[in-house]
Each structure stands twice: as structure tokens, then as C-alpha cells.
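Report on the following structure.
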Amino acid sequence: MGKLMYSCEQASKLSSRAMEEPLGRLDRSMLRLHLMMCRGCTNFSRQIEFLHRASRKVPGAIEKDIG
Amino acid sequence: MGGDEDLAKSLESHRKYLLRYALFQLRDASLAEDAVQETFIAALAHRDSFEGRSTLRTWLSSILMHKIVDLVRSRQRGLPADALTLGNEHDAAEAAFDGKGRWIDPPADWGLPDAALESNQFWRVYQKCCQRMPERHALVFSMREVMDMSTEEICKKLEISRSNLHVILYRARLSLRSCMTKKWFSAGHG
């Protein structure tokens, strides 16, 4: 008996996993549905994408001498 | 051939950068020195495999990353195999959601965060937040997000399963975004 909606915990887990590998069809559509209705998870998903972009720039930042 | 002395000299010119990099990952100055020293030794021993396809710094960084992984692994040897995911490392995920899987404190909009990448202060906060993660989580996160290693390579190197890797990266991201929210985006910067 599947639930109609994934919880925020399930959805955020999928947003994270999607950064490593393509999701299956069901997960992908459930995630999209959840994100359409949930501001918090949409923000989460954008934030981890930003952190991904930021992390790629760590070597450049180290060069400029951080910390 | 005369090349060795030149190579040794070029290696020296990258020492400061590599030390900072190692310190960022290892959080311990003498371990960082060790890692860089071993990197130089390995670089000299395998100089033939450096073919100028990447820059010298990129090549050295990747050797260094492997040394760092080895150091973290040997430092943590003796911990149970599943120490990567068990223990207080549950906290980040469990503190974020209630019993029904709803956000306790739903993530708020960070606006247009990319401007922050130009700020040195932002990077200090980023580094502090990475250091709040359990060491091995921070390492896995760096291997994936900073070094851009494939998931297969990380699993093999650390002898962890794919699902284990997903759990660690998820918790690392939860922890980092929560810390960055508190220390940067809602601290009047974003």
C-alpha cells in the first residue's frame, strides 16, 4: 500500500541521491510531485546544488588562503 | 638528465598550497606535513606517470587526496566496519525531521547565494562547517564534491557499500546546509 506523498525526509534523501545517480521512474515522479508542493524541500534541493558548486571551488579558495 | 632537481624545485613551489589543502582535510598540522611529504616522495617515485596531461598541481592534489584517505583510514582502523554510519552520526538526519518525516525547521530560501563564493569569510565558515561533520563524513563529502571522484571509486577506496555512501553524503549535506544556514545565510550575509 504505497503512500500518495513522500515525506520531506524521503524527498530530501532522493534529492541527495539524485546528485549521484539517476533515480528510477517512480522515485523521480514522486520527488517532482513533492517538490511542486513543498517549499522547504525545494529550498533544500537548491541548497545542496549550491553546495556542490561551491565545493568544486574549494581548491581555488584554498589558493587564495582561507582560514 | 637534470630534470630531477627541476622537479624537486617545482614541487616545493606547491608545498604551501598542498599543506593548506591537507590541513583543511586532516585538521592536524603534523599529519598534514606527513601527507605532503609522502605526496612529494610518491611524486618523485612516479614522475614518469606525470605526462603533463593535467597541471602539476592537479596531479599532486590527486596524489595528496589518496594519502589523506590512507591517513584517515589508518587513524580510524580498529573501529567497527559500520562505524561510518552508526553512532552519534545519526544526529544530523534525526534532528532535522520529526517522527513523521516532516522538517522541524524547514529550509528557508538562500536567495542568490553564488555571490558569497567571492568572499573569504564565506570560505572560513564553509571550512568550519565541514569540520563539524564526523571526520569520515567530511572525507567522503570532499572525495565526492571537492575532488569529483566517482561513487564507484569512493566505495572501492573506503570499502563501503553504495547505499552506505548515499547515507553518508545525505547526512553530510544535511549537516552542511544546516550549519551554513545558521552561520552564514541567516547571520546577515546571504
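Before moving on, here are some points about what is shown:
- Failed item, numbered, when B:Val146 is tested on (1) at pLDDT 95 or above; (2) under 19 Å from A:Arg46 (Cα atoms): (1)
- Helices (runs of 4 or more DSSP H) lying entirely in region B:3-73 (those with 1 or more residues that are within 22 Å of the chain's Cα centre (by Cα) and closer than 24 Å to B:Val125 by Cα): B:15-26, B:29-45
- B:Lys128 modelled with pLDDT under 95, part of a loop (DSSP other than H, G, I, E, B) and facing chain A (nearest Cβ under 9 Å): no
- The set of residues in region B:27-59 that are closer than 30 Å to B:Cys129 by Cβ, surrounded by 15 or more Cβ atoms within 10 Å (Cβ to Cβ) and aliphatic (A, V, I, L, M) comprises B:Leu31, B:Ala32, B:Ala35, B:Val36.
- Hits in region A:6-48 - residues which are more than 8 Å from chain B (Cβ to nearest Cβ), surrounded by 14 or more Cβ atoms within 10 Å (Cβ to Cβ) and assigned to a helix (DSSP H, G or I): A:Ala11, A:Leu14, A:Ser15, A:Asp27, A:Met30, A:Leu31, A:Leu33, A:His34, A:Leu35, A:Thr42, A:Ser45
- All positions within region B:7-62 that are small (Gly, Ala, Ser) and in contact with a Pro (Cβ under 8 Å, 6 or more places away or on another chain): B:Ser61
- Summed over region B:103-124, the residues that are in a helix (DSSP H, G or I), more than 8 Å from chain A (Cβ to nearest Cβ) and of a type in the set (D, E, K, R) give a count of 1.
- Residue list for region B:131-148, restricted to those being outside any helix (DSSP H, G or I) and without any contact (Cβ under 8 Å) to a residue 40 or more places away in the chain: B:Asp148
- If you go through region B:132-157 and keep only what is within 10 Å of chain A (Cβ to nearest Cβ) and at negative phi, you end up with B:Phe141, B:Ser142, B:Arg144, B:Glu145, B:Val146, B:Met147, B:Ser150, B:Thr151, B:Ile154.
- Close Cβ contacts (under 9 Å, 6 or more residues apart or on different chains) running from residues in region B:158-181 that are within 7 Å of chain A (Cβ to nearest Cβ) and touching a residue at least 40 places away in the same chain (Cβ under 8 Å) to residues that are surrounded by fewer than 24 Cβ atoms within 10 Å (Cβ to Cβ) and among the charged types (D, E, K, R) comprise B:Tyr170/A:Lys13; B:Tyr170/A:Arg17; B:Leu176/B:Arg132.
The values are calculated or read from the model by the stated rules, or taken from the named source; none is laboratory data. Remember, predicted model here, so these are calculated numbers, not experimental data. Cβ sites come from the backbone with ideal geometry, for glycine too, and all protein chains shown count toward neighbours.
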